[in-house]
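Below: the structure, in structure tokens.
The values are calculated or read from the model by the stated rules, or taken from the named source; none is laboratory data. Everything numeric in this text was worked out from a predicted model, so none of it was measured. Ideal geometry is used to build each Cβ from the backbone, glycine not excepted, and the neighbour counts take in all protein chains shown. Ligands, DNA and RNA are excluded from the accessible area calculation, which covers all protein heavy atoms including side chains. Shrake-Rupley method; radii C 1.70, N 1.55, O 1.52, S 1.80 Å.
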Amino acid sequence: MTSDTSKRLARLPLLLAFLPSLAAHAADPDPIPAVDGVPLEQVRITARNREELAQDVPVSVSVVSGRTLERDDVVGITGLTQKVPSLGVFGSNPRQTSISLRGIGKNTANDTMEPSVGVIVDGVASAYVGQNWTDWVDLDRIEVIRGPQGTLLGKNTTLGVINVVTKAPSFTPSTSYEARVGSYNDLQAKVSATGPILDGVLAWRGSFFVNKRDGMLKNVYQSGPETWNETQRAGARLQFLAHLGRDLDARVILDQIQSSENGNKSLLLNDGPASFADGPVRTLSFASRLARDYFNDAGGTPYRPVFGNNQIEDAKARPQRTKQSGISAQLDWRLGGYSLTSITAWRSQHFDIKNGGVTRFDIGDGGQQLWNSQYSQELRLANEVGGPVDWQAGVYGLKARVYSDDPTAYGADAAAFNASAAQYAALAAPRYRGLLRAAQDGVYRSYVLEPKTTSAALFGQANWHFSERGTLTVGLRETHEHKTGRNRRELDRAGSVLTDTLGKDNGRAASYGLNLANAADLAAWNAAKALYLNAIGGAGGVYDWKEGQAIDGNSLSWLVSPSWQLGRDTMLYASAAQGEKSGAVEFVTAGGPTLGDPQNVRPEQARDYELGIKTLLAGRSLMLNANLYQTRVTDYQSNLTVPDETQPGGTRSYLGNIAGVRARGLELELNYAASRSLKLNLNASYNRAVYLDFSTTAPDTSVTRLVNYAGRQLHGAPKFIVNAGIDGNRLVGRILLRGWLNESFRSGSYLAASLSPFTWQPAYSLVDGGVSAGSADGKYELALTGRNLLNKAYVTGAGTFSSSGAVTAQPGYDRTVALVFRAHL
């Protein structure tokens, strides 16, 4: 552990050091003695598809209540990271979204792989992780269940599940409102209402939200106030709950969310070092390319890129647009001593983004147009709890499709930037300026991918209560997957058509005033042709649909978990579990063999072992949950970077398998009700997540060489995470005063898979809090909240330098405040 990390860990308890004084001010007029406290509210969850007390479930699970989520404005998956140990969320748009547990599972920007951490919303599992780039409304609670969960929940996930539960329709009429204004032009509005349509038979619930906030980055190229990495979303949900008979209930949910927000931009920090990590001087860089006289202004002054100060310069980017909708129907039958549940669902998402560039020049534009859809059906049969054995068994079916169109466009200034030093020297003379522009201007090509999945599974889990105190849980899942895919590369617009795909056609040289018998003209022509061939993809770079190598295979998931009640309030449990995530139909996308040929990704298998304790102490006022774990993943699916055999010194990246990774650690949760008016919480994790065997290219070197990262901590996996909080209230007359404070600590970690020093995020803490005044009956509340109150600078993503790119980062928000009004009527 570094001395810096030690100091930060030592500082963390300062949050708790002043709790006694807060307790004195926030305690009841006649407080129960602190030694006894007051009993904690018992939380009920559905982590095993039954409603159970969280303390009775022998699983490592964290629960965040709807009240806490509302208080802290957690509306999406990213906000959970400050509430739950071992959880990481990465990405800046739907396609980039990635979720990890215990440091494992990060894998952004791919359309063929399934998530290692599943997300289930009201019983419906997401086949495409990007569907969770959204706001959730009307939340009852969120459960984060760690370890393989395929024997009960959703699809066959290898690392865990985030189970999102929203509020159901009620026959008791109620309406709630929330309005929020704050820093960065933060403006949010939420409305939710429920009540009977036909009393005792049919009820409804409707929710609507608007969420708008400016981003951290300002585009100085635009004359108006344009910010990036902002939030601008709106959505609605409509639900119906019907009692179709004494033993039959139905719940139907329809939802839609749309967004149009400037996003997916990085801040340019600097051009990188003068020399590579292995010593040689860097002769070609992002800044040196832009220092070419082509980019000088009219007066001859060299152009200077915009670095730092939360400013970007972009002439091309456009908002990312997302539209997502779905419908689900859940039927619950009570059949004597059994219950039968059916969940039928459809979801679809359309995503469109234009990434633009990082300068005022028309160099190029990338982006993504993506459509995904899924149909799922689940049937579960369960017996009543109470006998020596309670069990569940079911079938699950899924059909999913993704259509991804990944375009790249080249502008008038593209060749001047993309040219090598030798190519630019050959084209630098003013008389070749038209040829230099034509070399890549107007070329528009795209890579199209269409993976399809058909999945069917049988699953079951049983609890054998072999004694008054002991229970043995066993589970099994058999999944059959049929996967297909195809890909193609299109040259949508060929630009100037300077030459053919082999570069042998010189027929247009004369139109640029060139005499190829002249050495300078010939050098300029050859340089321009090389740039053009690179833009269109060259020979073999454009092809019609190529079919992938279909996957037809079975996978087995299992669970064995004994638990023992030491007393009324203390349970010991252990588990051994295995989960398997199916392979992916993939293709050669760069370098190496023929472009577009099949290059499948093997299945990923996780073996997990847990040993935990759950206990209530001090008159049930103190909850202590702790567990030790080891998770080992073989054939870990990930983005790989390796030397490119077709170009000396070059690299290529593709989706493949890492031989093995392993996570070992400890997770701890503490909740303490010091009195009826003062509650404290603490959750923490120590996680040693390392590669077992992984050879990749060394970062930031002048020549390509392999290094083995065995024993190195995975990127985005802090060894220490600690979240601590305090919540107190006091009734003064008819006014309920409330205050809360949370601190979230992360030890240092790399933010990119390369483990480059330029992607290192040192340890940091974020402190959030707020105060509120409301009516004693809870109907009205006015709150003042703040995030990052200590104004800590930190980043959520980072990238190292390259021959054409700068060192980049995605900064987190600085100190923000908001005024919030809520009404629950």
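Thinking of region 600-668 as a set of Cα atoms, what percent of all their pairs are more than 13 Å apart?
Details: 1740 of 2346 pairs.
Here the long-distance tail beyond 13 Å is 74 percent of all Cα pairs in region 600-668.
Compared with the dominant principal axis of the Cα atoms in the chain, helix 519-536 is inclined by about 20°. One equal scatterer on each Cα of region 129-264, no solvent, Debye formula: the resulting log10 I(q)/I(0) at q = 0.11, 0.16 Å⁻¹ is -0.59, -0.99. The equivalent ellipsoid of region 115-184 has semi-axes of 28, 17, 10 Å, largest first, where each one is the square root of 5 times an eigenvalue of the Cα gyration tensor.
Phe758 contributes about 80 Å² of solvent-accessible surface, heavy atoms of the protein only, 1.4 Å probe. The phi-based Karplus calculation (6.51 cos²θ - 1.76 cosθ + 1.60; θ = phi - 60°) puts the 3J(HN,Hα) values of region 248-260 at 9, 10, 9, 10, 10, 10, 10, 8, 8, 9, 10, 9, 9 Hz, whole numbers, x for Gly and Pro. Between the residues Ala462, Ala426, Leu449, the greatest Cα displacement towards the positive end of the dipole of region 329-474, with unit charges on the Cβ of Lys, Arg, Asp and Glu, is found for Ala426. Taking Cα centre as origin and charging only the Cβ of basic (Lys, Arg, +1) and acidic (Asp, Glu, -1) residues, the dipole magnitude of region 218-341 rounds to 200 debye.
Mind checking region 392-493 for GluC sites (Glu not before Pro) that DSSP puts in a loop (not H, G, I, E or B) and that have at most 10 other Cβ atoms within 10 Å? Intermediate results must be reported in sequence, preceding the final value.
On the way: sites: Glu468, Glu478, Glu481, Glu490; in loops: Glu468.
Answer in residue order: Glu468.
Normalising the Debye intensity of region 704-775 to I(0), with uniform scatterers on Cα atoms only, and taking log10 at q = 0.18 Å⁻¹ returns -0.77. Put simply, when 92-98, 410-416 are sorted by average Cβ atoms within 10 angstrom per residue, most first, you get 410-416, 92-98.
What is the sum of charges, Lys and Arg at +1 and Asp and Glu at -1, for the other residues whose Cβ falls under 11 Å from the Cβ of Asn791?
Working: positive: Arg787, Lys792, Arg815; negative: Asp814.
Every neighbour counted, the sum reads +2.
Surface composition of the chain: carbon plus sulfur atoms contribute 57% of the solvent-accessible area (1.4 Å probe, protein chains only, all chains present).
What is the projected area of the convex hull of the Cα atoms of the chain, averaged over all directions, in nm²? Intermediate values should be presented prior to the final figure.
Working: hull surface 145.6 nm².
Over all viewing directions, the chain projects a mean Cα-hull area of 36.4 nm².
Given in Å, the Rg to one decimal and the Dmax to the nearest whole number for the Cα atoms of region 634-703 are 21.5, 69. Rg then Dmax, both in Å and based on the Cα atoms of region 258-349: 27.1, 87.
Could you size up the charge dipole of region 450-588 around its Cα centre, putting +1 on the beta carbon of Lys and Arg and -1 on that of Asp and Glu, and report it in debye to the nearest 20? Walk me through the numbers on the way to the answer.
Numbers: 14 positive and 15 negative charges, 29 e Å.
Approximately 140 debye in magnitude.
Given Cα positions, please report Rg to Rh for region 345-426, the hydrodynamic radius being the Kirkwood one. Present the calculation step by step, with values, prior to reporting the outcome.
Values: Rg = 25.8 Å, Rh = 17.8 Å.
Expressed as Rg/Rh, it is 1.45.
Per the Kirkwood formula applied to alpha carbons, region 35-134 shows a radius of gyration over Rh ratio, Rg over Rh, of 1.01. Distances between placed amide hydrogens fall under 5 Å for Arg712 paired with Tyr691, all partners being 5 or more residues away or on another chain.
Please state the charge dipole magnitude for the chain, taken about the Cα centre, from unit charges on C-beta atoms (+1 on K and R, -1 on D and E), reported in debye and rounded to the nearest 20. Let's see the in-between values first.
On the way: 83 positive and 77 negative charges, 165 e Å.
My answer is approximately 800 debye.
Distance from the Cα centroid of region 299-345 to that of region 407-473 is 17 Å (rounded to whole angstrom). Projecting label points 7 angstrom from Cα along Cα→Cβ for Val732 and Trp564 puts them 5.3 nm apart.
Rolling a 1.4 angstrom probe over the protein heavy atoms with all chains in place gives the chain an accessible area of 41 Å² per residue.
Legend: translational diffusion of region 272-411 by Stokes-Einstein, Rh = Kirkwood radius over C-alpha pairs, 10 °C, 1.306 mPa s; D = 75 µm²/s. Which of Val75, Gly224, Ser339 sits closest to the plus end of the dipole of the chain, meaning its Cα is farthest towards the positive end, when Lys and Arg get +1 and Asp and Glu get -1 on the C-beta? It is Gly224, whose Cα lies furthest towards the positive end.
Phi angles across region 753-758 convert, under the Karplus curve 6.51 cos²θ - 1.76 cosθ + 1.60 with θ = phi - 60°, into 3J(HN,Hα) values of 5, 5, 6, 5, x, 6 Hz, Gly and Pro given as x.
Ranked from largest, the principal axis spans of the Cα set of region 310-356 equal 67, 22, 8 Å.
For Arg688, the solvent-accessible surface with a 1.4 Å probe is about 80 Å², rounded to the nearest 10.
When the Cα positions of Leu755, Leu617, Thr473 are compared along the charge dipole of the chain, Leu755 comes out farthest toward the positive end, with charges on each C-beta of Lys, Arg, Asp and Glu. The candidates Asp552, Asp314, arranged from most to least accessible area with a 1.4 Å probe in the full protein assembly, appear as Asp552, Asp314.
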